[in-house]
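Trainee: Here it is, the structure in full.
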Amino acid sequence: MHLDPTLQALFTAARHRTAQLRAFVRQRQPEPDKGALSIELALLVGALVVIAVAIVAILIAKATQKGAAIG
């Protein structure tokens, strides 16, 4: 499946930021599993929101193009 380059860039950025955040948390906490689920859930929700916004933006752009072509 071929992804839109914008979505692919968002996924890559999200993976990179997740890795950075995990490294930061590991440095700050003596117990690596403590709080990991909450942070990962927050990142997952944030990523899903970003993806939803990107999809809506793409749909609006395509609808606008079709509307302009029609009339």
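The values are calculated or read from the model by the stated rules, or taken from the named source; none is laboratory data. Values in this document were obtained by computation on a predicted structure and should not be read as measured data. Neighbour counts are summed over all protein chains in view; Cβ atoms, including those assigned to glycine, are modelled from backbone coordinates with ideal geometry.
Trainee: Among residues belonging to the range 40-62 that are out of contact with any helix residue (DSSP H, G or I) (no Cβ under 9 Å at 6 or more places or on another chain) and small (Gly, Ala, Ser), point out the one that is farthest from Leu3 (Cα to Cα).
Mentor: Ranking the candidates gives Ala42 first.
Trainee: Filter the range 1-16 for residues that are over 14 Å from Ile58 (Cα atoms) and surrounded by fewer than 10 Cβ atoms within 10 Å (Cβ to Cβ) and give the result.
Mentor: Met1, His2
Trainee: I'd like to know if the range 27-34 contains one or more residues that are at negative phi, modelled with pLDDT under 85 and part of a helix (DSSP H, G or I).
Mentor: Yes, the range 27-34 has at least one match.
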